[in-house]
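Asks: Below are the structure tokens for one structure; questions will follow.
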Amino acid sequence: MSAAGSHRAYSITEVEILDEEGARRYAELADAAVAQYGGRFLVLAAEPTVAEGEAPPRQRLVVIEFPGMKHLEAWYDSPEYAPARAVASTALRRRLRFVEGVDLMEERSDTAAETTVRRFYEAMSTGDTSRIGEVLTPDWEDIPLPPGTDRGPAGYEQTVAYLRGVFPDLDVTIEDVVVSGDRVAVRSVARGTHSGDILGVPATGREVEFRAFDFHRLEEGRIAQSWHLEDFYGLLGQFGATYTTRP
């Protein structure tokens, strides 16, 4: 292992517990040593929460973040960590690896943002908006706001109810998701049977699809603003609508 520059480094250990008491002792000793070298535990499953009457899992994962590889290596070879290493030799069976040059916290944040946005579309497909308050902020902005629609999560619920009234079997497929900080871009396609009036066209019974391009901004884990653009021109064509040009 070689010392490196300023990239964050991680100690990732797959652990099999041989002695529960020893595992707890190892966690206590390792925690003190880690702090001295600028590290912090991201995942410490030495004493997991389990249901009453159930045995804790024997295999667990420990992830420790350090400012850089030199900090990690200094910690691992340090006299402060030696007592923990000694306990681990009998209490644990470990598979250890060091990783450098990634930001696991940023990756985790991106994953959380994508998960939140995916729930936005899942509610359209299922029609279940009962937990939309976990996805949208109380003052969520729908841009542009459909005519006659309330602002905030209530407006989202109205939109979903309307769309599922027009397309009872509505299914929304996400084709692309791009996350950049607090912004999430989505390319999606919605499919369903035209069973109600939309855009002035009464039900045709046709199976149709329409594409949408959306851009979301998140605040503290929830969507605060959504800009959207739908291909309604293509949808009208599938209804069999004809167009005339003005002279």
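Nothing in this text is a laboratory measurement; each read-out follows from the coordinates by a stated rule. These numbers were taken from a predicted model, which means no experiment stands behind them. Here the Cβ is made from the backbone with ideal geometry for all residues, glycine too, and neighbour counts use every protein chain on show.
Asks: If neighbour count is taken as other Cβ atoms inside 10 Å, put Asp142, Asp197 in order from fewest to most.
Replies: Asp197, Asp142
Asks: Further question: Order 21-33, 62-74, 203-215 from most to least packed using the mean count of other Cβ atoms within 10 Å.
Replies: So the peptides 21-33, 62-74, 203-215, ranked by packing, come out 62-74, 21-33, 203-215.
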